[in-house]
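Working notes, beginning with the structure itself.
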Amino acid sequence: MHSWSAPDIPAPSSAPSFRPQLPLRLYDTAAGALTDTVSSGTGTLYVCGITPYDATHIGHAATYLTFDLVNRYWRASGISVRYVQNVTDVDDPLLERAERDGVGWQELADQQIELFRGDMTALRVLPPEHYIGVVEEMAEVAAAVQALVDVGAAYRVDDTDYPDVYFDVSASGRFGYESGYDTDTMLALSAERGGDPGRTGKKDPLDPLLWRMARPGEPSWPSSLGQGRAGWHIECAAIAGKYLGPSIDVQGGGSDLIFPHHECSAAHAEVLAGTQRFARSYVHTGMLSYDGEKMSKSLGNLVFVSKLVAGGTDPGAIRLALLADHYRTDRAWTDELLATAEDRLQRWRLAAARPAAGAVEPVLAELTTALSDDLDTPRALAALDRWAADESLSGAGMADAVDALLGVAL
Ligand code: 5CA
Ligand code: ZN
């Protein structure tokens, strides 16, 4: 499906140069440590996209903004970035919500995807090269399931009505390495996040669904496995595999995807490709809350990018508010955060209009060094605050650097 329009990105060759000198280091959940990402050539990035059943809010935006900084840092370093994002445009939560609200599931998905595109465009998030809905890729996903069956890594449950196909986690040989969680934690999270550890007939309660045979009233697609639809984790393994190959540099998403989603999609991809490791880095963002709770429609504590922008908020201020704290911390969205960001944006804009004077190379070096260190945006913003406050420093070229690396237009 089409993604959204791309903002311009200033080239790092402009003077003063903001080309990073260090490789980007990111915290890899599997290693439990900071690890260097690619430093030249091509960088491959797969970020798990939305399930378009609920209004996309500023928490989702915060997650995509984090990976936009990865994309921007790599590009400024001269790396050619291949970026893919999926849309889970058919899944249980979407079907349940459409049924409850009396709307068609496709209509609901289309509305929510359009809202998301609008938010991403307003925030100047670089679009993925491929933006892929699972519905349009269903044949490929089914072929991946069939391949897992063929190598003996998948099986059907003994259920005459619905002999659904499951992945055998023991086929991975290292299931659990991505999250590092113990079995009890994995069981609890599986039950909480769309798994079915209690389903009878599974070899292991943690075995995830690969192909759900058609139920009356549910959408389904033909395949060699029978009429049905794909499970959640195989979708990302198949889409990433098709568009980026069997191993990628970074798989990204929020911390609620650490398990089961990224654990299972990694296991699927590794068994399919016969490789040891799907992503070199599994990178996870903290959750955004509002009014003391994780944002959710049922709690009614949602903040929308579209509403803020329609109300006259500068998207650059929204970006700065989201970048004020480190991406890995669970954090709260507050009105004060936005007010501080608006003030900061104003100060930076005035500074960027200053005539050329004192050299800004040390400021740019501090900015890129901070970003190289697991996207340390609080430190990056502090460096720019010091530049803005120092009247002796030039404004020339700073707008390009801030735009290219942080996506904020001054
Ligand atoms: N479609 C799947 C991934 S394949 C999915 O998780 N969709 S989602 O719509 O539920 O979430 C989209 C992304 O936003 C995920 O990376 C999720 O971790 C992230 N996310 C959801 N809520 C928040 C929040 N409150 N703060 C930060 N990120 C969030
Ligand atoms: Zn995913």
Query raised in the report: What about residue 239, is it within 18 Å of residue 82 (Cβ to Cβ), out of contact with any Phe, Trp or Tyr (no Cβ under 7 Å at 6 or more places or on another chain) and β-branched (Val, Ile, Thr)?
Result: yes
Report summary line: Restricted to segment 247-280 and to residues being of a type in the set (A, V, I, L, M, F, W, C), more than 12 Å from ligand 2 (Cβ to nearest atom) and part of a helix (DSSP H, G or I), the residue farthest from residue 189 (Cα to Cα) is 273
Query raised in the report: Yes or no: residue 212 within 16 Å of ligand 2 (Cβ to nearest atom) and either more than 25 Å from residue 129 (Cα to Cα) or surrounded by 24 or more Cβ atoms within 10 Å (Cβ to Cβ) (or both)?
Result: no
Query raised in the report: Out of segment 40-70, which residues are at pLDDT 95 or above and surrounded by fewer than 18 Cβ atoms within 10 Å (Cβ to Cβ)?
Result: 40, 41, 42
Report summary line: Taking first residues from segment 215-231 that are part of a loop (DSSP other than H, G, I, E, B) and second residues anywhere that are surrounded by fewer than 13 Cβ atoms within 10 Å (Cβ to Cβ) and not acidic (Asp, Glu), the pairs with Cβ under 6 Å that are 6 or more apart or on different chains are 220/227
Report task. Tell me which residues, restricted to segment 48-59, are in contact with a Phe, Trp or Tyr (Cβ under 7 Å, 6 or more places away or on another chain) and farther than 19 Å from residue 233 by Cα. Result -> 55, 56, 57, 58
**Report entry** Matching option when the condition is within 16 Å of ligand 1 (Cβ to nearest atom) and either touching a helix residue (DSSP H, G or I) at 6+ places or on another chain (Cβ under 9 Å) or closer than 26 Å to residue 44 by Cα (or both), among 285, 313, 275
**Finding:** 285
Query raised in the report: Looking at this structure, is residue 240 in a helix (DSSP H, G or I), away from ligand 1 (no atom under 14 Å from the Cβ) and crowded, with 24+ Cβ neighbours inside 10 Å?
Result: no
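Would you be able to tell me the number of residues in segment 30-51 that are within 30 Å of residue 114 (Cβ to Cβ) and away from ligand 1 (no atom under 16 Å from the Cβ)? Explain how you work it out, then say what you get.
The first filter runs over segment 30-51 and keeps only residues within 30 Å of residue 114 (Cβ to Cβ), leaving 43-51.
Okay, now just the ones that are also away from ligand 1 (no atom under 16 Å from the Cβ), so 43-44.
Total satisfying the criteria: 2.
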Query - Unmet criterion (only one of (1) touching a helix residue (DSSP H, G or I) at 6+ places or on another chain (Cβ under 7 Å); (2) surrounded by 23 or more Cβ atoms within 10 Å (Cβ to Cβ); (3) in contact (Cβ under 8 Å) with a residue 60 or more places away in the chain) for residue 207 - result: (3)
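For the subset of segment 83-107 comprising residues that are more than 20 Å from residue 194 (Cα to Cα) and touching a residue at least 40 places away in the same chain (Cβ under 8 Å), which member is surrounded by the fewest Cβ atoms within 10 Å (Cβ to Cβ)?
84
The values are calculated or read from the model by the stated rules, or taken from the named source; none is laboratory data. Since we're looking at a predicted model, the values are computed, not measured. Virtual Cβ from ideal backbone geometry, glycine too; neighbours counted across all protein chains shown.
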